[in-house]
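One structure below.
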Amino acid sequence: MKNLEDALRLEKESYENVQVPQQLTRKVGSILDNLPPQRKSCSLWTRKLVAAAAVLLIISSMLYHQVPSKMRSMLKEAFNSIPKRGTEKDIKKGALPVKENQYHPVVLAFKDPEGQFSRVVVLGGSKDGKWYSINDFKMAGKYIAFADFPYNEGQDFRNYVDLDLVKGNEVYNFYARRKLAGKSKGEKPILSVPQSAPKKILEVKIDTLKADDDFLIGINGGWNGLPRVPTFFSGLNGCTVDLESDGIEETVYSQIISGNLKVFLEKNGGGILIKEVPKELVDVMQTPKIRVLDINGDGKLEIIIVLKNSYETTVEAYQYVNNTLEKVLSYYVGE
Amino acid sequence: MKRVEKSSREKDIALARKGDDRAFSRIIEEELVYMYRISNSILHREADVEDGVQETVIKAWRQLPTLKDDRYFKTWLIRILINQCNEILRKQKRIVLMDENPCASEEFADSSDRIALKDAINRLDNELRTVIILYYFEDLSYSEIAYVLGTPEGTVKSRLSRAKNKLNKALSDRIGG
């Protein structure tokens, strides 16, 4: 083919030759014959008047201190929770609060049956640039065997364990897809071992939090977890964001190819396969959830993939630095 | 100041905004061709394509009084259409299977360059394909596409560049392979 531009121009001819099927023409004709009532819109002056009245009301209320302080603090908190577009300054600012010689646990919260977030599982964490899984720690204390993960209300949830990663009283910043959803303090962790899976699960009870999302990712650390806000597309299961802060956007998305689920990272037209799930498991799986978040405070966004079905949950976090992808945290629970 | 005579289309848009359903019908009859073409290139399946177009017609009628400037009617309508198509894709959680692409197998054997290009376009991700369709086939400008997709112009340019890279790669792979 001589040239792509020429080829596209030629292809335009065939695109323009596409005819509207008669069936569709008839259906649209029928709609046009029976149009529903049109939405009435306010005149421009009415809208301006309403907006001006609202502004005046707010200003006058604030002048006379009629906005309760609680409401003011709520407004301030809501404003502060809006993630700002990332700049170099934000990233440097974001990276400052990472404390040396201190573990920064990363947790995952699923919505409980009451529609709120009250417990989390610990995915692992970081300290001084290194990643840690919960298996890297010795744990002192009892554990709950045969726990019915994740909500076994009948169990005694006071079997706390002591470990360096999560000591209790940590305040976690919980992030939804594109914003900070809220903060919550956690208790000491509880160790449990689910049926048929000799894997340790660390759960932490947190102060109840409400948010719209199905799940939230929590970080214990003062940095901004979303220094650059990703764009999620409605027609694509994935998002676009500058992961490394090098000015080039990456796209992370999942696609079904030959029945297998594949998660790709794309940059400058080139792609890396991050993860593949065979088709036998895809059939019973929910659509994978893809998130990006700076979970170690280095100003770069990690990729977090959550795969869930009725029987098991897999969470994996990947670090993408200098065009190299590395799995840094993983969590699995299943029957 | 010289008074510019409005075209019959502009008059129809103004009338439709005030609730004239006959004027709206005349506009839609004109616009139906490109609405179908765009919907067809995003959704492929005939039933979905029809749903996308029909829902867009109803939404456009209901939302027409909110259109701020009649000159942008076409881009405004395409914006509704693309949102509607994406909504259909999202609801169905249907991902276009690369191996099940409608023109992949038998037509490819024909080895025509144009069929190969069409195939490569169909294999693009929805976002990239949409930008190619709007820019090359519907002749929309960067700023118009940015409005339609609700993204910055820079994103449109980068998507277009990525789409072209992918098309070039797909076609060169085919020649090489």
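The values are calculated or read from the model by the stated rules, or taken from the named source; none is laboratory data. It should be emphasised that the depicted structure is a prediction, and the values quoted were computed from it without experimental measurement. Every residue, glycine among them, receives a Cβ derived from its backbone with ideal geometry; neighbour counts consider all protein chains shown.
Applying the selection to the stretch B:165-176, what residues are at pLDDT 80 or above and either more than 24 Å from the chain's Cα centre (by Cα) or surrounded by 19 or more Cβ atoms within 10 Å (Cβ to Cβ) (or both)?
If the condition is that a residue be at pLDDT 80 or above and either more than 24 Å from the chain's Cα centre (by Cα) or surrounded by 19 or more Cβ atoms within 10 Å (Cβ to Cβ) (or both), then B:K166, B:L167 are the ones that fit.
Name the pairs: first residue in the stretch B:45-74 and more than 7 Å from chain A (Cβ to nearest Cβ), second residue surrounded by fewer than 16 Cβ atoms within 10 Å (Cβ to Cβ) and modelled with pLDDT of 85 or more, Cβ to Cβ under 7 Å, at least 6 apart or on different chains?
Close Cβ pairs satisfying both conditions: B:D70/B:E10; B:D70/B:A14.
With respect to B:S39, determine if the residue is at pLDDT 90 or above, surrounded by 18 or more Cβ atoms within 10 Å (Cβ to Cβ), at the interface with another protein chain (Cβ under 9 Å from one of its Cβ atoms) and assigned to a helix (DSSP H, G or I).
On the way: at pLDDT 90 or above: yes; surrounded by 18 or more Cβ atoms within 10 Å (Cβ to Cβ): yes; at the interface with another protein chain (Cβ under 9 Å from one of its Cβ atoms): no; assigned to a helix (DSSP H, G or I): yes.
When the stated conditions are applied, B:S39 does not pass them.
Mind checking which residues of the stretch B:32-64 are touching a Leu at 6+ places or on another chain (Cβ under 7 Å) and closer than 14 Å to A:V18 by Cα?
Listed by number, the residues that qualify are B:M35, B:Y36, B:I38, B:S39, B:V49.
Checking A:G247 against (1) surrounded by fewer than 16 Cβ atoms within 10 Å (Cβ to Cβ); (2) in contact with an Asp or Glu (Cβ under 9 Å, 6 or more places away or on another chain); (3) modelled with pLDDT of 80 or more; (4) not acidic (D, E), which test does it fail?
(2)
Here's the yes/no breakdown for (1) in contact with a helix residue (DSSP H, G or I) (Cβ under 8 Å, 6 or more places away or on another chain); (2) part of a loop (DSSP other than H, G, I, E, B); (3) acidic (D, E):
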site	(1), (2), (3)
A:Q255	yes, no, no
A:G271	no, no, no
A:I274	no, no, no
A:G297	yes, yes, no
A:I303	no, no, no
A:V306	no, no, no
A:T314	no, no, no
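Which residue out of A:G259, A:G235 is facing another protein chain (nearest Cβ under 9 Å), modelled with pLDDT under 80 and crowded, with 18+ Cβ neighbours inside 10 Å?
A:G235
Cβ-Cβ below 7 Å, separation at least six or inter-chain, first residue in the stretch A:1-28 and of a type outside the set (F, W, Y), second surrounded by 12 or more Cβ atoms within 10 Å (Cβ to Cβ) and not in a helix (DSSP H, G or I): which pairs?
These pairs meet every condition: A:A7/A:M1.
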